[in-house]
Amino acid sequence: MLELKNISLSNTGFSLKDISFKVNKGEYFILLGMSGAGKSMLLEMIAGLTNPDSGEILLNGKNIETSKPYEREVGLVFQDHAIFPHLTVGANIGYALKRQALSHAQKQEEIISIADRIHIGQLLNRQPSTLSGGELQRVALARTLVQKPEVLLLDEPLAAIDTKLRSEIRSLLRQLNREGQTIVHVTHDFDEAISLANRIAIIHEGKIIQTGTPEEVFASPRSEFVAHFVGIRNFFKASFTETETGCIAEIAKGLRIVSTHKSGPGEGYIMIRGEDLTLSVENYESSARNNFMGKIIEVSGSRTGIDVIVDIGVPIHVSVSKESVHSLGLAEGKSVWVHFKASAINSITK
Amino acid sequence: MHRYSTFQLVFLFLGALLLLFILAPLLGMFFATQPTELVDTWREAEVRESIWLTLWVSMAATVVFAFAAIPFSYLMARKEFPLKRLVTGIIDLPVVIPHSAAGIAILGFVSRNSVLGKAGSAVGLDFVGHPAGIAVAMAFVSIPYLVNAARDGFHSVPLRLEKAAFVLGATPARVFFTISLPLAWRNIVSGLILMFARGMSEFGAVIIVAYHPMITPVLIYERFGAFGLKYARPVSVLFILISLSFFILLRFLAREKNKSR
């Protein structure tokens, strides 16, 4: 439904080259890239605040590039909320309704209904200066959603609010998406991307270098940048069962990993840094709760040392030093044990 | 409480001298004037008329010119264009040129033989010796204060608030009237008050364009020339008192308005 074709824009500080992607109706699409990659500029182009040097933007098959911002059916939520400081919360939300031929009562009804949906019904008469970051973010969302945009554009919606409130806003965004709202969200935070996206596009040096589901992008990064950016090579889809001390994550049939993270029950992902794993030739008693045997399928040099891939049911990346490769005689085809602590596992639930 | 070093005490002493320099002549003039003199002066119709004239002409000049100055300030704050620095310099020109010279220039501009003068005559308006001419002279010397304050005000409105309004479906006009103007309003009001104040205290440009009808600064000068210091003093004190109360009132009203929103 939303399609960008070969969008290019040069500006002082950055340039975007040949950006193309397609977002389907009802999809949660995340553009992931470092700060200053021009992600926000892409959103401004979709919203009509900036014009690309070349390329096309289509919404439902119609070229919207020449339409004015107020004619496009997209809503943009800014990173720092951009709430109008001189208007009450209610007036902020009602701002977009002025163009619609509604009676005063109908407008009030719309405002109250959206405020209730976003759980800020009690804030309507407040001045923005009295609100917290999380509340401002909700007002910004409500103000944009009241336009009933075809596509909701979010610019780093979780960056300006504290960690405690993030999970609340995340579940709110998920809920909106479940209700059918198409969302395009830009962020530099890969945790955020994994926990929300149906599909991710990674943008680097002005180009989209990989697009796919979170699993595809994280499990098989197609370039060194992606691998480095996601940081973690061991990224697995998991189903969680809660335990007294944490959880058990099943990442392949019969392959259960013990974690001290409280997660689940439910679906999600786990991540283990290659540096947190150790290898041994014989199994031995240790405090590590996770011990698996497997065959080495690849030994290769990496920026940080040697990357050994062991098949324990799933391919797992272990970072070791050159000395260890020699002393343990690590080579393709050799059987080894992989050990890691339950606390080394990071989990993200959907 | 902050303690001062010896070095800062020297600064404090210099500052005190400066304050004294401003206050001493004014207070001297106030104390040298008897209350009865003030009452007598207030009873003179000529004095009351001139004070009234000064106030309303300056007010009118401010309001009329604001219609062009405020939109122009918005452009100056938001747009980049060739020769913008030159335009900024032109705006400040009235501040730096001698006001008598400004008066001569304006007189040439509005006199009966000029294009503007002829156009005025055609509709029965003669700028020279008319409140309209006084207003033009006052506006000429005071417009930079409004333009600069309003430009700073618009500049301080975050651009992203305007962008947000555009995305929420507002037309450029609606963005200006509902977002930019209200948020810059405090600076604009401050600029309006400054322009009004500067206009009503103008002497040099006005006396050349219109000796009559007599605004108070001209009246003070005339009394001084004709009768000396003693006669010019009560009018000066009265004018200062009235202007001061006006500014305090305006500032107060502006503050109330800001508080209420």
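The values are calculated or read from the model by the stated rules, or taken from the named source; none is laboratory data. As the structure is a computational prediction, the values presented were derived from the model and not from experiment. Cβ sites come from the backbone with ideal geometry, for glycine too, and all protein chains shown count toward neighbours.
Being at pLDDT 90 or above and basic (Lys, Arg) holds for only one residue in B:257, B:163, and it is B:163. Within the option set B:150, B:205, B:139, being within 11 Å of the chain's Cα centre (by Cα), more than 14 Å from chain A (Cβ to nearest Cβ) and closer than 23 Å to residue B:55 by Cβ holds for one residue only, B:139.
Would you confirm, using the coordinates I've provided, whether residue B:67 is surrounded by fewer than 12 Cβ atoms within 10 Å (Cβ to Cβ), within 30 Å of residue B:176 (Cβ to Cβ) and either touching a His at 6+ places or on another chain (Cβ under 8 Å) or of a type in the set (Phe, Trp, Tyr) (or both)? If you could, list the steps in order and put the result at the bottom.
Details: surrounded by fewer than 12 Cβ atoms within 10 Å (Cβ to Cβ): yes; within 30 Å of residue B:176 (Cβ to Cβ): yes; either touching a His at 6+ places or on another chain (Cβ under 8 Å) or of a type in the set (Phe, Trp, Tyr) (or both): yes.
The answer is yes for residue B:67.
Of the set (1) surrounded by 16 or more Cβ atoms within 10 Å (Cβ to Cβ); (2) on the phi < 0 side of the Ramachandran plot; (3) modelled with pLDDT under 90; (4) within 30 Å of the chain's Cα centre (by Cα), all apply to residue A:310 but (3).
Among the listed residues B:13, B:72, which satisfies the condition of being at negative phi, in a helix (DSSP H, G or I) and surrounded by 11 or more Cβ atoms within 10 Å (Cβ to Cβ)? Write out each step before concluding.
On the way: B:13 fails: surrounded by 11 or more Cβ atoms within 10 Å (Cβ to Cβ).
Residue meeting the stated conditions: B:72.
Among the residues of segment A:5-41, write down those that are of a type outside the set (Phe, Trp, Tyr), farther than 19 Å from residue A:213 by Cβ and touching a helix residue (DSSP H, G or I) at 6+ places or on another chain (Cβ under 9 Å). If you could, list the steps in order and put the result at the bottom.
Pass one, segment A:5-41, residues of a type outside the set (Phe, Trp, Tyr): A:5-13, A:15-20, A:22-27, A:30-41.
So of that shortlist, the ones also farther than 19 Å from residue A:213 by Cβ come out as A:5-13, A:15-19, A:34-41.
A:7, A:9, A:11, A:16, A:19, A:34 - these are the residues of segment A:5-41 that are of a type outside the set (Phe, Trp, Tyr), farther than 19 Å from residue A:213 by Cβ and touching a helix residue (DSSP H, G or I) at 6+ places or on another chain (Cβ under 9 Å).
A residue that is at pLDDT 90 or above and not hydroxyl-bearing (Ser, Thr, Tyr) occurs nowhere in segment A:158-171. Taking the numbered list (1) surrounded by fewer than 18 Cβ atoms within 10 Å (Cβ to Cβ); (2) in contact with a Cys (Cβ under 8 Å, 6 or more places away or on another chain) in turn, residue A:321 passes all entries but (2).
A search for C-beta distances below 9 Å between a residue of segment A:272-300 that is within 17 Å of residue A:327 (Cβ to Cβ) and any residue that is among the acidic types (Asp, Glu), counting only pairs 6+ apart in sequence or on different chains, returns A:296/A:311; A:296/A:332; A:299/A:307; A:299/A:332.
Within this structure, residue B:85 fails the test of being within 14 Å of chain A (Cβ to nearest Cβ) and either farther than 24 Å from residue B:50 by Cβ or buried (at least 22 other Cβ atoms within 10 Å of the Cβ) (or both).
Each residue in segment B:170-187 was checked for being within 7 Å of another protein chain (Cβ to nearest Cβ) and crowded, with 21+ Cβ neighbours inside 10 Å, and 2 pass. Close Cβ contacts (under 6 Å, 6 or more residues apart or on different chains) running from residues in segment B:115-131 that are in contact (Cβ under 8 Å) with a residue 24 or more places away in the chain to residues that are in a helix (DSSP H, G or I) and small (Gly, Ala, Ser) comprise B:127/B:120; B:127/B:133.
Number of residues in segment A:42-81 that are within 13 Å of another protein chain (Cβ to nearest Cβ) and outside any loop (DSSP other than H, G, I, E, B): the value is 12.
Among the residues of segment B:94-148, not one is surrounded by fewer than 14 Cβ atoms within 10 Å (Cβ to Cβ) and within 16 Å of residue B:66 (Cα to Cα).
From the list A:96, A:91, exactly one residue is within 14 Å of another protein chain (Cβ to nearest Cβ), touching a Gly at 6+ places or on another chain (Cβ under 8 Å) and at pLDDT 90 or above. Which is it? Before the answer, list the steps.
Values: A:91 fails: touching a Gly at 6+ places or on another chain (Cβ under 8 Å).
Result of the check over A:96, A:91: A:96.
Within segment A:1-40, restricting attention to residues that are within 18 Å of the chain's Cα centre (by Cα), hydrophobic (A, V, I, L, M, F, W, C) and closer than 21 Å to residue A:53 by Cα, the residue that is surrounded by the fewest Cβ atoms within 10 Å (Cβ to Cβ) is A:21.
Which residue out of B:249, B:229 is under 19 Å from the mean Cα position of the chain (by Cα) and without any contact (Cβ under 8 Å) to a residue 40 or more places away in the chain? Step through it out loud before you land on a result.
Numbers: B:229 fails: under 19 Å from the mean Cα position of the chain (by Cα).
Answer to the check: B:249.
Applying a threshold of 7 Å to beta carbon distances and a minimum spacing of six or more residues, or different chains, the list of pairs starting in segment A:177-205 at a residue that is buried (at least 19 other Cβ atoms within 10 Å of the Cβ) and ending at one that is basic (Lys, Arg) and modelled with pLDDT of 90 or more reads A:182/A:25; A:196/A:174. Highlighted here are the helices (runs of 4 or more DSSP H) found entirely within segment A:117-221 that include at least 1 residues which are within 14 Å of another protein chain (Cβ to nearest Cβ) and under 20 Å from residue A:41 (Cβ atoms): A:133-145.
Every listed requirement among (1) over 22 Å from residue B:131 (Cβ atoms); (2) at pLDDT below 95 is met by residue B:181 save one, (2).
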